[in-house]
Amino acid sequence: MPSEEWKLASLRKFRDLLNEVARVADVPQYKGQAKSKVTDLYKLLLEKYETTDEAVAAKLQAAEHEWLTAAEPAAPAPAGGFTFRVQTQALLVTYNSKNIVLATWARFLAWIATFVETFQVRRWSATLEESLHAADAMDDEGTGSGRYHLHAFFEFWKSVDWASPANLMFDNIRPRIDINWEAALTDTASKAARGRGFRASCDGGHMYVYMDKVGSVEVAANYVPFRDYVPDPSRLERWWGKGKLADQVYEYYIAQIGVGCSRRFADLDARRKRLEALEQRKTEAEMAEVVARFKANVTLLKPFPEVPEVVRWKTLFQHDALRYPILVLDGPSYTGKTEFANSLFKNALELKIGMNTAWPSRMRDFERGKHDALILDDVRDLSFVVENQDKLQGKYNALIEFSTTAGGTCAYAKWLFAVPVVVTINLTTRHRAMLTENDWLAHPRNRVVVQWPPPGFSFE
């Protein structure tokens with residue numbers, strides 16, 4: 001029975017031999033793998049190189065037999081029973097501490113320079129980031145909260161085999177060490193990269209550290225994307241989807257890559273439109289809540305009196321007609337004209353006109369059946385009303401086109417027939433004489449003018 005020392009020496013010899021063959025074959029290292037995996041790989045290498053030298057084959061087979069019967073030595077356990085060992089050719093390290101500040105970055109780069117020279121680092125990337133989430137802000141003891149943290153990704157010329165994290169300690173901070181960085185960066189059960197996927201996986205680790213993430217403050221590397229390698233767009237897309245990359249940064253990266261950018265640009269546009277729509281819905285819901293609260297508070301919004309002219313105007317819409325008049329509420333500012341107009345309907349679409357000569361973009365939001373009226377608020381020039389008379393009274397048998405241009409690319413159409421329209425104006429509105437002099441606006445069948453506020457009513 002061979003001695004323990006002899007068995008361990010045979011183990012190391014066999015591993016060295018495998019690693020040398022693996023280096024020449026440009027396949028991954030086999031350190032730390034299960035015995036069955038190493039055996040399979042050993043057989044694969046023998047088959048690949050078709051060793052014909054019987055002496056070499058016999059030496060390999062003997063070493064294999066000795067290795068399979070040897071027990072892999074365990075790293076000595078320090079006080080407390082914790083066992084540490086890292087065997088890898090690349091790793092991702094993260095430093096979290098409440099003591100990390102902006103000034104730490106210069107010391108970190110100096111430490112990296114020494115580390116690179118001491119441990120034969122081939123490629124490296126590093127970053128200082130602001131900790132935006134509680135999980136990122138935990139310090140090295142898991143109890144404090146730091147504002148910043150550091151990442152570094154290292155690739156070594158040869159695999160390292162360390163039984164202590166001492167070589168990776170910086171400023172007395174014990175880092176989180178990920179040799180399976182794919183799982184760490186994607187929150188999946190990915191296996192450690194090997195073989196043909198090793199290079200792409202390492203590039204992914206470098207890019208994750210180097211890229212301009214949300215919260216990035218400083219970055220440095222000797223292996224730079226778009227100069228030394230092209231990032232994998234699918235990884236960028238995944239990180240963008242997880243909120244690691246802002247839209248404009250992701251857009252810039254995929255534009256540089258080029259391949260597959262059309263589809264990803266479409267995804268970006270779709271995301272932006274969806275987020276805008278969701279934000280609009282959120283705003284409308286908040287506004288509706290405020291409106292309901294205000295309407296229930298009689299100290300803020302007094303009940304409006306019944307105005308006979310307005311009642312008669314609303315009853316006109318209960319009967320068929322070729323056209324319906326608009327309602328013009330004419331009165332000083334801050335007398336409740338807009339609030340009164342909205343009180344007449346369940347869900348009117350209110351558009352702020354002011355001095356605009358074109359229709360506000362929100363007119364696109366008008367939905368027949370959803371909106372029961374249209375309120376043109378604070379019209380500062382009655383020329384707008386006169387020039388849009390075809391739209392304000394609608395046609396029973398035709399859609400009305402808005403945003404008409406020479407090319408027609410911006411145009412859209414609405415059917416506004418029998419939709420009540422209220423216009424609010426004040427004492428300084430331009431061209432007020434049109435109410436009595438313009439052929440269309442002066443005709444009582446085209447408009448109903450109500451002086452606001454009614455006698456005895458005060459909005460304040």
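Values of log10 I(q)/I(0) for the stretch 308-451 across q = 0.11 Å⁻¹ run -0.38, by the Debye formula with one identical scatterer at each alpha carbon and no solvent. A simple spin-label model places pseudo-atoms 7 Å from Cα toward Cβ; at Lys370 and Asn347 they are separated by 0.8 nm. If a spin label sat at a point 7 angstrom from the Cα of Asp267 along the line to its beta carbon, the backbone N atoms of the stretch 211-235 nearer than 13 Å would be those of 232-235. Ranking of Tyr412, Tyr334, Tyr250 by neighbouring Cβ atoms within 10 Å, starting from the fewest: Tyr334, Tyr412, Tyr250. By other beta-carbon atoms within 10 Å, ranking Trp440, Trp359 with the fewest at the front produces Trp440, Trp359.
Taken along the Cα-to-beta-carbon direction at a fixed 7 Å, the label points for Arg147 and Asp212 span 2.3 nm.
Ordering Tyr253, Val230, Leu278 by the projection of their Cα atoms onto the charge dipole of the stretch 230-291, which places +1 on the Cβ of Lys and Arg and -1 on the Cβ of Asp and Glu, puts Val230 at the extreme positive end.
Grouping the Cα pair distances of the stretch 374-460 into 10 Å bins from zero gives a pair-distance distribution of 14, 41, 31, 11, 2, 0 percent in increasing distance order. Legend: distances between Cα atoms for Lys98/Lys244; Lys346/Lys414; Lys213/Lys282; every pair falls at or below 32 Å.
At a Förster radius of 45 Å, what calculated FRET efficiency corresponds to the Cβ-Cβ distance of Asp247 and Arg323, to the nearest 0.05? Efficiency, from the Cβ-Cβ distance: 0.45.
For the pair Asn180 and Val116, the difference between a 0.36 nm per residue extended length and the Cα-Cα distance amounts to 21.0 nm. With each label modelled as a point 7 angstrom along the Cα→C-beta vector, the Glu339-Val298 pair spans 1.4 nm.
Pairs exceeding a 18 Å alpha-carbon distance, out of Lys352/Lys395; Lys314/Lys352; Lys314/Lys337; Lys302/Lys337: Lys352/Lys395; Lys314/Lys352. Once you treat every alpha carbon in the stretch 279-373 as an equal point and sum by Debye, what is log10 I(q)/I(0) at q = 0.11 Å⁻¹? Values returned for q = 0.11 Å⁻¹ are -0.42.
Out of the GluC sites (Glu not before Pro) in the stretch 351-407, which ones are loop residues according to DSSP with at most 12 other C-beta atoms within 10 Å?
Numbers: sites: Glu367, Glu387, Glu401; in loops: Glu367.
Here the GluC sites (Glu not before Pro) that fit, given the DSSP loop and packing criteria, are Glu367.
What separates the Cα centres of the stretch 400-429 and the stretch 357-373 is a distance of 8 Å.
Every number here is computed from the coordinates shown, using simple stated rules; none is lab data. Keep in mind that what you see is a predicted model, and the values were worked out from it rather than measured. Methodologically, a virtual Cβ is constructed for each residue, glycine included, from the backbone with ideal geometry; neighbour enumeration extends over all protein chains shown.
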